[in-house]
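Below is one structure, written out as structure tokens; comments come after it.
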Amino acid sequence: MVYNTVMQQALIPDLSRCVLCGSCKAVCPTYELAATEGMSARGRLALVKNLSDGRLLPSPLLNDRIYSCILCGACAAVCPLGIDIPEAIYRGRRILRKSDRKRRFLRYLLRFSTTWPDLSFKLLSLSSDFLLPFLSKRKLIPFRPDLPDQPFHVIEQVHKVPKKKGRVAVFAGCSVNFFLPHLGESLINVLQALGYEVILPKDELCCGAPLRALGMDEEAAALAKQNHHVLSRLRVEAILSLCPTCTLSLRHGYASLIGKHIDKAMDISVFLRDKLEQKSPIDASITYHDPCHLRHGLGIWNEPREIIAKAGIALKEPRESGCCGFGGTFSVSYREMSEQLNKKQAAHLLETGAGTIVTSCPGCMLHLGQAVSDKPMIHLIELIEEAYCLRTLYQEPVLAQSV
């Protein structure tokens, strides 16, 4: 069986370790919206335990409770016993998959798009005038993206530099590859300016996180095996991603799926922090949104802020920093809760009065952009590119000037 049964069985005693302290409830975004025990991390953990033990049988209500978790990881970050609650939720979804009819069509779409990604992009491009409106009307996508002319991975595989300081690979991920290729191009520009040769792995596949979110662990494991085969053979200093969910999957999620992980995978802020020089201050201010998988899953908080300070830009912290409500498939299945969380976080960011909103996640960037229309919404790599590559040349800067 493709799914790692050893890791699966190892979760059973972990489910019994919860002492019901309630720390996770204080940070659970869905519990904040629907204050019932079954909508909290602690409640869901108890439900998965009883489901695993056979004391609970699949039902529409149980499915709703387990699939309504946004998988942000805030609960695991504060758990005093270190219980991997998101991994337990993945286990519960795998058990409930066959009984979950609500997301059956969504599973079909994901299976098709991850099996034939290039064909899916071509079909989406050719039929975007009627297919995207149809998917949006059926609430199968949280928003209508602007499709680029071509994916990111069609550009040349190796980007060389005259005086090579090092060699890195870029794991684009689906969001950058098919919806935001300009972010990948910005990353290449920054890396080359720093003297790094850049490799784009030709046979990269989806990281598998969307499949795991729907209980499709066996399909996700097949992708993980292929990605591990491709990425582990690269002779590079690091494998960089602009998506925290991809990085989290490569570094940690694959251990649960296939018993192996990719330790060279890292977020761009970790790799770039010590390689960027201090810039003189400029007349601009920003506020920063912490992606959940970056902050809670990877434990990265300081690095983006240090980069912003090095770029000479004033940072205005929001009064509260919470989940934007995207959560991948969560924003499709639980659109109302997703929009509530999105509007709340957008309000906190706008309250700072900063001219530009910056984040480190393509998904957060697209999702928050639905709630913010009057301010630039950019990825951290765009800020870095402007500060270190384009500041003297930029005719239309991505950073709004202070007023």
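Beyond 37 Å, what share of the Cα-Cα pairs of the chain is found? Please give it as a whole percent.
Looking at the chain, the distances longer than 37 Å represent 20 percent of pairs.
Based on DSSP, what percent of beta bridges with both residues in the chain are antiparallel, to the nearest 5?
In the chain, DSSP labels about 15 percent of beta bridges as antiparallel.
In debye, nearest 20: dipole of region 79-123 around its Cα centre with unit charges on the Cβ of K, R (+) and D, E (-)?
Taking the Cα centre of region 79-123 as origin, the dipole is about 400 debye.
Quick one: angle between helix 335-351 and the longest Cα principal axis of the chain, in degrees between 0 and 90, rounded to 10, please.
40
With point charges of +1 on the Cβ of Lys and Arg and -1 on the Cβ of Asp and Glu, referenced to the Cα centre of region 152-273, which listed residue (226, 153, 194) lies farthest in the positive direction of the dipole?
It is 194.
Taking H placed 1.01 Å from N in the peptide plane, check which residues at least 5 places from residue 289 or on another chain put their amide H under 5 Å from its amide H.
Here the answer is 358, 359, since their amide H atoms fall under 5 Å of that of residue 289.
Using a basic spin-label model with each label point 7 Å from the Cα along Cα→Cβ, how many nm lie between residue 99 and residue 320?
In this crude spin-label approximation the distance works out to 3.4 nm.
Give, in nm to one decimal, the length gained when the segment between residue 305 and residue 56 is fully stretched (0.36 nm per residue of separation minus the Cα-Cα distance).
Length gained, residue 305 through residue 56: 85.1 nm.
Using alpha-carbon pairs under 8 Å, 6+ residues apart, how would you state the relative contact order of the chain in percent?
That works out to 15 percent.
Give, as a single signed number, the net charge of other residues whose beta carbon lies under 13 Å from the beta carbon of residue 28, with Lys and Arg counted +1 and Asp and Glu -1.
Charge balance near residue 28 sits at +2.
Hey, if you put +1 on the Cβ of every Lys and Arg and -1 on every Asp and Glu Cβ in the chain, which of 384, 294, 248 ends up farthest toward the positive end of that dipole?
248
How big is the dipole moment of region 246-309 about its Cα centre under a simple scheme where the beta carbon of each Lys and Arg is +1, that of each Asp and Glu is -1, and everything else is neutral? Debye, nearest 20, please.
240
With +1 on each Lys and Arg Cβ and -1 on each Asp and Glu Cβ, and nothing else charged, work out how big the dipole of the chain is about its Cα centre, in Debye to the nearest 20.
Roughly 1220 debye, rounded to the nearest 20.
With a Cα-only, solvent-free Debye model of region 267-403, what are the log10 I(q)/I(0) values at q = 0.09, 0.15, 0.22 Å⁻¹?
-0.25, -0.70, -1.40
Once you have the Cα-Cα distance between residue 149 and residue 229, take 0.36 nm times their residue separation minus that, and quote the gain in nm to one decimal.
Extending this stretch completely gives an extra 25.8 nm.
Read-outs: derived from the displayed coordinates by stated rules, not from any lab. Every value quoted in this text rests on a predicted model; they were computed, and no experiment measured them. When we count neighbours, we look across all protein chains shown, and the Cβ atoms used for this are built from the backbone with ideal geometry, even at glycine.
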